[in-house]
Amino acid sequence: MLIVKNIDTLEKCLGEWKSLGLSVGFVPTMGALHLGHLSLIEQAISENDKVVCSIFVNPTQFTDPKDLENYPIQIEEDLVLLKKVGCDLVFAPTKTDMYPQGEEVVQFNINDLDYLMEGAHRQGHFDGVCTIVSKLFELVRPKNAYFGQKDFQQLIIIRQLNKIQKFNINIVGCPIIREDNGLAMSSRNVLLSPREREIAAEIYRILKETKAKFPNSSLESLKLFVETKLNAVSEFSVDYVEIAHAQTLQSLSDLEKNEPAILCVAVFVGSVRLIDNILLN
Ligand code: AMP
């Protein structure tokens, strides 16, 4: 496995592969890798000749400096996992490589998708995400790029970014990988105490319970049901509950209930903010 820390070396390796006609799959990450990330790498390996994984904790997508400060970094462990799974190249640039002019963000026209849910609660987050993903897409120019449905809104926004920037990359959405107790895997889970980790599993139980009610309840009552259930857990503080169109992310009204619907939540468990979602139909 090649470990590449600067852009020139990355371009040289990619140039060699592309001159041989090899297809490249790309998995951008912020490291602190778990089985969720590895499932993306595995899918990329099965669909491409070569796989690049980037590890970069992107400062411009953090809206809370404390969150950035506490973000877990474990590059050595990450490299062991990536090598074991069969990744071909890890790109781990420095902040100066990615932001030579300082932490500037670009504003993309992503159809106001960034004003909803995560965007509304973490202002500027998706400008940071789109800025770094654009820079990485321009460098790697993969055939396929892999993103988890865990960050559902991010996946929809990246699809839009790909379209408006004409990257012409095939954006692949991958299923959410969960702990045995149902908790969606996340790099932030290591910040939870063992007890919080157990309690946090209640989020997915509530999502599943809501899905079972979907065919027979109004969207308004479903939203209320989720909020009430989540608020009943004393360790939780609910950031938002949304039911949206699963392709456009626009709010659904009852009249549109035959449209694909996704239930998305963000919940603080102690000081750790977790997100999760479930397709309702
Ligand atoms: P991150 O390192 O948090 O930026 O995540 C990198 C990629 O891994 C993103 O596309 C995430 O959606 C994806 N990802 C994170 N957690 C999971 C999970 N539990 N299951 C599937 N994909 C995930």
Exclusive hit being in the same structural domain as F62 (by TED's automatic domain parsing) and either touching a strand residue (DSSP E or B) at 6+ places or on another chain (Cβ under 6 Å) or over 19 Å from L40 (Cα atoms) (or both), set Q149, Q153: Q149
Evaluation of L139 against (1) within 16 Å of the ligand (Cβ to nearest atom); (2) touching a residue at least 60 places away in the same chain (Cβ under 8 Å) (one fails), failing number: (1)
Hits in region 107-142 - residues which are loosely packed, with under 13 Cβ neighbours inside 10 Å and either basic (K, R) or over 30 Å from S46 (Cα atoms) (or both): Q107, N109, D112, Y115, Q123
Residue under evaluation Q61, criteria (1) open to solvent by less than 50 Å² (accessible area, probe 1.4 Å); (2) in contact with a strand residue (DSSP E or B) (Cβ under 7 Å, 6 or more places away or on another chain), criterion not met: (2)
Hits in region 248-271 - residues which are among the β-branched types (V, I, T) and open to solvent by 10 Å² or more (accessible area, probe 1.4 Å): T248
Only one of E47, E77, E69 that is surrounded by fewer than 16 Cβ atoms within 10 Å (Cβ to Cβ), among the acidic types (D, E), away from the ligand (no atom under 11 Å from the Cβ) and closer than 19 Å to F167 by Cβ: E47
Selection count where residues are touching a residue at least 24 places away in the same chain (Cβ under 8 Å) and in a helix (DSSP H, G or I), scope region 99-127: 10
Region 186-229, residues that are open to solvent by less than 50 Å² (accessible area, probe 1.4 Å) and more than 16 Å from the ligand (Cβ to nearest atom): S193, E196, I199, I206, T210, F214, S217, S218, L219, L222, F225, V226
Residues satisfying the stated conditions in region 1-14, i.e. open to solvent by 100 Å² or more (accessible area, probe 1.4 Å) and either free of Cβ contacts under 8 Å to residues at least 12 places away in the same chain or in contact with a helix residue (DSSP H, G or I) (Cβ under 6 Å, 6 or more places away or on another chain) (or both): D8, K12
Matching residues, region 15-44, being surrounded by fewer than 18 Cβ atoms within 10 Å (Cβ to Cβ) and within 13 Å of the ligand (Cβ to nearest atom): H34, L35
Considering residues of region 128-156 that are assigned to a helix (DSSP H, G or I) and of a type in the set (D, E, K, R) only, the residue nearest to I278 (Cα to Cα): K150
Where a residue in region 35-54 is touching a residue at least 24 places away in the same chain (Cβ under 8 Å) and its partner, wherever it lies, is of a type in the set (V, I, T) and open to solvent by 30 Å² or more (accessible area, probe 1.4 Å), with Cβ under 7 Å and at least six apart: L35/I177; G36/I177; L38/V85; S39/I177; I41/V85; E42/V85; V51/I45
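The values are calculated or read from the model by the stated rules, or taken from the named source; none is laboratory data. Keep in mind the model is a prediction, meaning the values are calculated, not measured. Heads up, the Cβs are rebuilt from the backbone with ideal geometry, glycines too, and the neighbour counts pull from every protein chain shown. Note: areas computed on protein heavy atoms with side chains; ligands, DNA, RNA excluded. Shrake-Rupley method; radii C 1.70, N 1.55, O 1.52, S 1.80 Å.
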